[in-house]
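Below is one structure, written out as structure tokens; comments come after it.
The values are calculated or read from the model by the stated rules, or taken from the named source; none is laboratory data. Since we're looking at a predicted model, the values are computed, not measured. Cβ placement follows ideal geometry from the backbone for every residue including glycine, while neighbour counts extend to all protein chains displayed. Ligands, DNA and RNA are excluded from the accessible area calculation, which covers all protein heavy atoms including side chains. Shrake-Rupley method; radii C 1.70, N 1.55, O 1.52, S 1.80 Å.
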Amino acid sequence: VFAGTALMEGLMVNYSSLGAISAMVMVMAIVILSSIYPARIAAEIAIPDVEKTWALKMPEGDSLTVDLPFLIKPGEKSSIFGFLYSLFDEYQSVSHGLFTVDDLKAEGLDKTTLPDPVGNEKNNDLSLSFKAWLSPFDLGIMQYASFCVAPAAHFKQFEEIKLNLVRHAGEHNTWYRVNKRFVNLIRKQLLKWRSLSDDEKDFYRKQMTEHLKKEAGSSAE
């Protein structure tokens, strides 16, 4: 292309030279090899489709326990449960979308040790439970869902979130298949919680405190 222009005037390139061919091959090889390592790292970090990287384990009868792959500190559980409560509260009395929720409850096993607004949760164990109808709703798939927190198996200073699902109505195989969409949505919401600022996390922590106080008051009545 440039041979006939003034830019290449006086420059004669010998394309039959073994040295020139070797140089071109070496440059191409360096470029290709130098892209392999960052490409592998990018493939491990940036997952384009979550459904290609995880599989929902098989249920035991009508019960399915999902270990959500998120580690949290003991002082963070009231915040993340407040975030989840706000999420599922939006799906109450809603008949469209992936699911609809009823009988949403947040409770601590020890009602006398409610978390305070600054995250001093003491030994309180939080749980979140509700009924969920999964789409397509004409199949009549209904399940009981509950979240709880347990010590992490491999990291002593952290805790992990467990999701327990119990089928109440609907065909078993269909219930198992559509739950992957349900669990996938929850996984994405937990990633959103990770991106919140400290003030936003504190807002959900305070909301969780208020929900627990209301539940404790309702139980006392």
Excluding ligands and nucleic acids, what accessible area in Å² is computed for residue 131 using a 1.4 Å probe, to the nearest 10?
60
Describe numerically, in nm with one decimal, the distance between label points set 7 Å from Cα along Cα→Cβ at residue 138 and at residue 102.
2.0
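Rank these residues by their accessible area, most exposed first, probe 1.4 Å: 27, 149. Provide the component values of the computation, followed by the final result.
Working: 27 85, 149 30 Å².
Largest to smallest exposure gives the sequence 27, 149.
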Going by amide H atoms built from the backbone, whose H comes under 5 Å of the H on residue 70, apart from near neighbours?
161
Sort 5, 174 from largest to smallest accessible area, using a 1.4 Å probe on the heavy atoms of the protein chains.
5, 174
Total charge of the residues flanking residue 155 in space, meaning their Cβ is under 14 Å from its Cβ, with Lys and Arg +1 and Asp and Glu -1, is -2
Residue 193 accessible area, assembled protein chains, probe 1.4 Å, Å²:
0
